[in-house]
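The values are calculated or read from the model by the stated rules, or taken from the named source; none is laboratory data. All values derive from a computational prediction rather than experimental measurement. Reconstructed Cβ throughout: ideal geometry from the backbone, glycine too, with neighbour counts over all protein chains shown. The protein model used for the area step is the full one, side chains on, heavy atoms only, and it has no ligands, DNA or RNA in it. Shrake-Rupley method; radii C 1.70, N 1.55, O 1.52, S 1.80 Å.
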Amino acid sequence: MREHSSATVLESPVIQPRRSSGIWWGLMGVAAFSFTVPFTKVAVAGLPPLFIGSGRAVAAAVLAAAALAITRQRLPRPRTWLRLALVAGGVVAGFPLLTSYALTAVPAGHSAVVIALLPAATATAAVLRTGERPTAAFWAVTVLGSLAAVAFAFLQAGGIGHLHWADLLLLGAVACAAVGYAEGGLLARELGSWQTIAWALVLAAPAMLVLAAASVQGQPPSASPTQWAAFGYLAVVSMFLGFFAWYRGLAIGPMAQVSQIQLLQPILSICWAALLLGEALTWTTAIGALAVILCAAAAVRVRLKATA
């Protein structure tokens, strides 16, 4: 049992020599997630937001169930299912549904205004959940980085005057994702990184299937090949494969440190929105990107020193 335990593997010397390996796993996850907002914007042009938010979870759950069956994973313990429900509610249901509805009303670049707050929200959730105590310098850099990311996103979105009611949905999405990331990072130390998101998807599948069926009955999906391809990315990568790397990075941790890598996500998302959707990309991108990247690097460095 201990030879095949996910918790034992994560605690073994294989990943202990360099805690910074969590940073690289986190970077891989962020790179995968950075396409989520632009591709959601592409998909909502032809598909109902309810279908996108629930349908991607159903498709990912099929892959997850197959992976769990092929590898013959044991069922989690009964008390673990409550924690998996938090993950499912946060990242399988809450974030996808809320962002899908929000992006019917605002551009992809605008959504980065609120999503840029996700690193700070995740760090806060991790501290409350795990008892981690980052230094004052870490929090100072975290706040500075969040402000830089928000300021950059505001500039790209067209200014504070362009704030929309959909930002309330995005705020809710950030809260959902922060809880799901923090709890998922802890569970990944016990179940394994991909197993955590896989079980969460399977747990949420019945409810998501009902929502997807209701959406199809009310408004049958009709989309172009490009829009279906965007939906496919959301289901396979954003909803499943991206969590392999992200939860592994959080599991290696420290969570508060790895979460700050998400400061890069709004930068990448806005760049993809410019390249793929033709949204405005100006000289302020270079300045904003530099400021956010420097703050993210500083946060990581401060936390690494504190850990050492």
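Is one or more of the residues making up segment 73-81 touching a Phe, Trp or Tyr at 6+ places or on another chain (Cβ under 9 Å), surrounded by 24 or more Cβ atoms within 10 Å (Cβ to Cβ) and at pLDDT below 95? No, that holds for no residue. Within segment 92-106, restricting attention to residues that are open to solvent by 10 Å² or more (accessible area, probe 1.4 Å) and either without any contact (Cβ under 8 Å) to a residue 40 or more places away in the chain or hydroxyl-bearing (Ser, Thr, Tyr) (or both), which residue is nearest to residue 54 (Cα to Cα)? It comes out as 101.
Among the helices (runs of 4 or more DSSP H) contained in segment 192-308, which hold 1 or more residues that are within 21 Å of the chain's Cα centre (by Cα), closer than 30 Å to residue 71 by Cα and modelled with pLDDT under 85?
Qualifying helices (runs of 4 or more DSSP H): 193-218, 242-252, 255-258.
Applying a threshold of 7 Å to beta carbon distances and a minimum spacing of six or more residues, or different chains, the list of pairs starting in segment 10-38 at a residue that is of a type in the set (S, T, N, Q) and ending at one that is at pLDDT 60 or above and not in a loop (DSSP other than H, G, I, E, B) reads 21/252; 34/265; 34/268; 34/269; 34/272; 36/234; 36/238. The residues of segment 225-239 that are closer than 14 Å to residue 30 by Cα and open to solvent by 10 Å² or more (accessible area, probe 1.4 Å) amount to a single one, 237. Of everything listed in (1) open to solvent by less than 30 Å² (accessible area, probe 1.4 Å); (2) at pLDDT 90 or above, the single unmet condition for residue 85 is (1). In this structure, residue 50 does satisfy being more than 19 Å from residue 193 (Cα to Cα), modelled with pLDDT of 85 or more and open to solvent by 10 Å² or more (accessible area, probe 1.4 Å). Given the criteria open to solvent by 50 Å² or more (accessible area, probe 1.4 Å) and either of a type in the set (S, T, N, Q) or touching a His at 6+ places or on another chain (Cβ under 9 Å) (or both), does residue 222 qualify? Yes: the conditions hold for residue 222.
A quick yes/no check of all residues on (1) charged (D, E, K, R); (2) more than 20 Å from the chain's Cα centre (by Cα); (3) under 22 Å from residue 178 (Cα atoms):
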position: 59; (1), (2), (3): no, no, no
position: 83; (1), (2), (3): yes, no, yes
position: 88; (1), (2), (3): no, no, yes
position: 137; (1), (2), (3): no, yes, yes
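Please work out if residue 57 is under 22 Å from residue 172 (Cα atoms) and not in a helix (DSSP H, G or I). Judged against the criteria, residue 57 is not a match. Every condition in (1) open to solvent by 30 Å² or more (accessible area, probe 1.4 Å); (2) on the phi < 0 side of the Ramachandran plot; (3) part of a loop (DSSP other than H, G, I, E, B); (4) at pLDDT 90 or above is met by residue 65 except one, and the failing one is (3).
Restricting segment 29-54 to residues that are in a helix (DSSP H, G or I) and β-branched (Val, Ile, Thr), the residue that is farthest from residue 245 (Cα to Cα) is 42.
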